[in-house]
Amino acid sequence: MPKPWTSKEQLAWLNARKIDFLEAKKEDIIIAWLDEVTEMWFQDFPEFNACFPGKDEADKLTQAEEEKLNASIKARKGVSHSQHF
């Protein structure tokens, strides 16, 4: 079995939104709903913390770190939209 891409806390967060997902799908507003949920996801689970545990967000990132963070955000958005709901 593949390793889950979420923590237990993140999975609970997603599961709490399943009914809303089904409603958005039924009302044909899924794209807007996913955009809103993605924004909420990154507020609650900043990718910065996943990429750089223990590092202060106020610290300036190197160019390589910026690239890593941007790539990670892009990848996480793809997963968040496609693999849970």
Cβ contacts < 7 Å: first residue surrounded by 13 or more Cβ atoms within 10 Å (Cβ to Cβ), restricted to region 1-22; second residue part of a helix (DSSP H, G or I) and of a type in the set (D, E, K, R), any location; separation 6+ or different chain. Result?
Trp13/Asp44
Looking at (1) in contact with a Ser or Thr (Cβ under 9 Å, 6 or more places away or on another chain); (2) β-branched (Val, Ile, Thr); (3) buried (at least 16 other Cβ atoms within 10 Å of the Cβ), which one does Ile30 not meet, given that it meets all the others?
(1)
For helices (runs of 4 or more DSSP H) lying entirely in the chain, having 2 or more residues that are at pLDDT 90 or above and among the acidic types (Asp, Glu) picks out 18-26, 30-44, 63-82
Qualifying positions in region 46-68 - touching a residue at least 12 places away in the same chain (Cβ under 8 Å) and more than 13 Å from the chain's Cα centre (by Cα):
Phe52, Glu65, Lys68
Glu27 being charged (D, E, K, R) and under 30 Å from Glu67 (Cα atoms):
no
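The values are calculated or read from the model by the stated rules, or taken from the named source; none is laboratory data. What you see is a predicted model, and the numbers here were worked out from it, not measured in a lab. All Cβ positions, glycine included, derive from the backbone under ideal geometry; neighbour counts span all protein chains shown.
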